[in-house]
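Everything below concerns the one structure shown next.
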Amino acid sequence: MTTFRRIALPAVAAMALISGCSAESGTDATPSPAASSSAAAIPTVTASQETQEPPATEAAEEPTATEEPAVVADAGPNETDKTFAATLITHNLQAYDLTGLAATAAGDQWVRDFAAEIRAAREPEVATLKSWLSEWAVEPLERGKPMPGLISDKEMADLAGSAGAAFDERFVALMIKHQKGALALAEEEAAGGEYGPGIQMANAITESGQKHLKELQRYQKSLK
């Protein structure tokens, strides 16, 4: 009898212990709503996200210092520039002679207007050429010396002795010759000169001279 009780009591205690553990285990198996909510709020991180590195940020380029443009001094005149200025001023003075006669002897108003336009264009050129020659200590070409578009003394005398329609015809023929001479001088300067202002003047003469030459040739055709 005694032996049975010693064996039975531990068995009953063991059963009670197992029953209690089962009850506690059943209670803990169901998570509380708060715990579920907290678990849902925590984002999951995949393996690919863990290994993905943020894009590399390009290093900002440092501003480079602005280089100052090299200052280049204007080239002085060469022999072509000096010859151009010395010849052109004498050439322009002969234009004064031609256009001066037209103001009183021309028969057609177009000839008078054209002569006035030419004279007005030559005046600032002559003033500029005088200052260049003075600065360079260069003498103008002597009048009557050979140059492109030179009007001879006889041609000038024949023009001065005419008037009206006869004057107009002679004037236009001589002005065509004169304009071609100016274009030749400008071409030489543009090709061989080094003085910036001289080349600019040559280019301007070429532009206006071609225009005036076409006008003269058109008028000359109308006289025939």
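Here are the numbers for this structure:
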{"quantity": "Tally, over the stretch 111-153, of residues that are of a type in the set (A, V, I, L, M), assigned to a loop (DSSP other than H, G, I, E, B) and closer than 29 Å to Lys221 by Cα", "calculated": "3"}
{"quantity": "Options Leu185, Leu213; residue that is surrounded by 13 or more Cβ atoms within 10 Å (Cβ to Cβ), in contact with a His (Cβ under 9 Å, 6 or more places away or on another chain) and modelled with pLDDT of 95 or more", "calculated": "Leu185"}
{"quantity": "Residue within the stretch 127-149 that is small (Gly, Ala, Ser), closer than 21 Å to Leu98 by Cα and touching a residue at least 40 places away in the same chain (Cβ under 8 Å) present", "calculated": "yes"}
{"quantity": "Meets criteria (surrounded by 15 or more Cβ atoms within 10 Å (Cβ to Cβ), closer than 20 Å to Tyr219 by Cα, over 43 Å from the mean Cα position of the chain (by Cα) and not aliphatic (A, V, I, L, M)) for Phe167", "calculated": "yes"}
{"quantity": "Neighbours by Cβ (under 7 Å, 6+ apart or cross-chain): first from the stretch 195-224, closer than 20 Å to Ala116 by Cα; second modelled with pLDDT under 95 and part of a helix (DSSP H, G or I)", "calculated": "Ser208/Ala121"}
{"quantity": "Residues that are under 17 Å from Leu141 (Cβ atoms) and either β-branched (Val, Ile, Thr) or surrounded by fewer than 18 Cβ atoms within 10 Å (Cβ to Cβ) (or both), drawn from the stretch 193-210", "calculated": "Ile205"}
{"quantity": "Count - residues of the stretch 67-97 that are among the polar types (S, T, N, Q) and either closer than 27 Å to Ser162 by Cβ or modelled with pLDDT under 95 (or both)", "calculated": "3"}
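Residues checked against (1) over 43 Å from the mean Cα position of the chain (by Cα); (2) at pLDDT below 95:
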{"site": "Thr99", "(1), (2)": "no, no"}
{"site": "Ala106", "(1), (2)": "yes, no"}
{"site": "Gln109", "(1), (2)": "no, no"}
{"site": "Ala121", "(1), (2)": "no, yes"}
{"site": "Glu125", "(1), (2)": "no, no"}
{"site": "Trp132", "(1), (2)": "no, no"}
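The values are calculated or read from the model by the stated rules, or taken from the named source; none is laboratory data. A quick note: this is a predicted structure, and the numbers were derived from the prediction, not measured. Positions of Cβ are backbone-derived with ideal geometry, glycine not excepted, and every protein chain shown enters the neighbour counts.
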